[in-house]
């Protein structure tokens, strides 16, 4: 089961955000075919990520399910460009066009105080600002040591608003971090999404 396939991802992301669910709720929320949805749910049950209950199903291992995404997806392969800017992080953030979608650690900083990085990560292209616009805005300002990382979105983007910025939603931020080998930075997201806590 390829978790990053469009239909599979729609179902799995819904289930990860709705740990108590029915097949009907998945079907109505995602619009994927009943047969495909049933196949996905039965696969999750067979792999012990989900258990059948009297009135539907329960997600019992969300962290284990998230940990499978890096088998099919690597953020390094989605990296379009790194721009070394002669700006501070604050200055660069202020210059980002309105439709820019922040991702990875740049989104995480709005959900958690645990981790702050010295780079800015954004999605460019579909459902975000075009690559050409970012290049036009920032290419004249290259030559410094604060990096703007540009990624192409490979799966549907779920976004949220935070302090005037558009950022990836909690689940997508967590999945992206897992696919960037940085899921250990996202302990607050595990707690916020599923009340999971990890030992220090």
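The values are calculated or read from the model by the stated rules, or taken from the named source; none is laboratory data. Quick caveat, the model's predicted, so the values are computed rather than measured. Using ideal geometry, Cβ is built from the backbone for each residue, glycine included, and neighbour counts are taken over all protein chains shown.
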> Is the stretch 20-31 home to any residue that is outside any helix (DSSP H, G or I), free of Cβ contacts under 8 Å to residues at least 24 places away in the same chain, surrounded by 15 or more Cβ atoms within 10 Å (Cβ to Cβ) and in contact with a helix residue (DSSP H, G or I) (Cβ under 7 Å, 6 or more places away or on another chain)?
Replying inline: no
> Can you tell me which of 52, 82 is over 23 Å from residue 156 (Cβ atoms), over 22 Å from the mean Cα position of the chain (by Cα) and outside any helix (DSSP H, G or I)?
Replying inline: 52
>> So residue 147 ticks every box in (1) surrounded by fewer than 20 Cβ atoms within 10 Å (Cβ to Cβ); (2) closer than 30 Å to residue 18 by Cβ; (3) modelled with pLDDT of 95 or more but one. Which box is left unticked?
In response: (2)
> Any residue in the stretch 185-192 that is at pLDDT 95 or above, closer than 19 Å to residue 74 by Cα and outside any strand (DSSP E or B)?
Replying inline: no
> Within the stretch 114-125, is even one residue in contact with a helix residue (DSSP H, G or I) (Cβ under 8 Å, 6 or more places away or on another chain), assigned by TED's automatic domain parsing to the domain that holds residue 189, free of Cβ contacts under 8 Å to residues at least 24 places away in the same chain and assigned to a loop (DSSP other than H, G, I, E, B)?
Replying inline: yes
>> Among the listed residues 35, 64, identify the single one that is loosely packed, with under 14 Cβ neighbours inside 10 Å, free of Cβ contacts under 8 Å to residues at least 12 places away in the same chain and not assigned by TED's automatic domain parsing to the domain that holds residue 168.
In response: 35
> Checking residue 85 against (1) closer than 19 Å to residue 143 by Cα; (2) loosely packed, with under 15 Cβ neighbours inside 10 Å; (3) in contact with a strand residue (DSSP E or B) (Cβ under 6 Å, 6 or more places away or on another chain), which test does it fail?
Replying inline: (2)
